[in-house]
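Following: one structure in structure tokens, then a few remarks.
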Amino acid sequence: MAEATTEPLLAPTIDKDGAPFWEYAAQGELRIQACANPSCGELRFPPRPCCPHCQSFDSEWRRMSGRGRIWSYVRPHPPLLPAYAAHAPYNAIIVELAEAPRIRLVGNLVAAPDAPLDSVDPERLRIGAKVQVAFTDVDGITMPRWLLERP
């Protein structure tokens, strides 16, 4: 059994371009940055100041359904960062959003929004499994996590 640590889990670096993503997450909304140029409208993630498709600096944040599918996953193996060792075996998944298949977000598949990172049996991980976003507070930051649509 891994030794407990008081070291916090890794937190995202919140910059000016990405701050709205985290502000919407704190409201329980999954929003993705989109080009506001009417002739473009492409979604983009990670957030950035300029559209990579048309080079416009105009952007908006579009609400997503929060549904997606597991595009890939990994089960980290030791050696792990000390803060994560007590959570092993946990998963890290890449989710392809339902309405924006080119947008992929990284997170964890959990049994409930506030469940521990190791709350889903690793044998239940499947590429293509449908998931739904859920939000929980982790050390003062509202983090998106993922739940299986069919538990």
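The values are calculated or read from the model by the stated rules, or taken from the named source; none is laboratory data. No experiment lies behind these values; they were computed from the predicted model shown. With ideal geometry, Cβ positions are generated from the backbone for all residues, glycine too; neighbour counts draw on all protein chains shown. In case anyone asks, the SASA skips ligands and DNA or RNA and just uses the protein heavy atoms, side chains included. Shrake-Rupley method; radii C 1.70, N 1.55, O 1.52, S 1.80 Å.
This model, with +1 at the C-beta of Lys and Arg and -1 at the C-beta of Asp and Glu, gives the stretch 27-151 a dipole about its Cα centre of some 380 debye.
In the chain the longest region clear of trypsin sites (Lys or Arg not before Pro) that are loop-assigned by DSSP and have at most 14 other C-beta atoms within 10 Å covers 17-125. Calculated translational diffusion coefficient of the stretch 54-117 (25 °C, 0.890 mPa s; Stokes-Einstein with Kirkwood radius over alpha-carbon pairs) equals 175 µm²/s. Since only PRO49, MET143, ALA11 are under comparison, the one whose Cα sits farthest along the positive direction of the charge dipole of the chain, derived from C-beta charges on Lys, Arg, Asp and Glu, is PRO49. Recomputing Cα extents along the principal axes in Å from the coordinates shown identifies the correct label among (1) 55, 32, 26; (2) 51, 34, 29; (3) 52, 42, 25 as (1). Among the cysteines of the chain, CYS50 have no other cysteine beta carbon within less than 4.7 Å of their own. Evaluating 6.51 cos²θ - 1.76 cosθ + 1.60 at θ = phi - 60° for every residue in the stretch 29-36, the Karplus couplings come out as 10, 9, 10, 10, 5, 9, 5, 8 Hz, glycine and proline recorded as x. For the stretch 1-102, the solvent-accessible area with a 1.4 angstrom probe is 61 square angstrom per residue. Counting protein heavy atoms only, the chain has 53 percent of its accessible area on carbon and sulfur, 1.4 angstrom probe.
Subtracting the Cα-Cα distance of ILE94 and TRP61 from their residue separation scaled by 0.36 nm leaves 9.8 nm.
Neighbours of TRP61, meaning other residues whose beta-carbon lies under 10 angstrom from its beta-carbon, give a summed charge of 0 when Lys and Arg score +1 and Asp and Glu score -1.
In this structure GLU123 has an accessible area near 120 Å², from a 1.4 Å probe over the protein heavy atoms. The shape of the stretch 14-66 comes out oblate: with a ≥ b ≥ c from the C-alpha gyration tensor, a/c is at least 1.5 while a/b does not beat b/c. Once the Cβ-Cβ distance of TRP22 and ASP121 is raised to the sixth power relative to R0 = 25 Å, the FRET efficiency obtained is 0.25. Just going by the charge dipole of the stretch 6-151, with Lys and Arg at +1 and Asp and Glu at -1 on Cβ, which of SER72, HIS87, LEU117 is farthest out on the positive end? Comparing the listed Cα positions along the dipole, SER72 ranks first.
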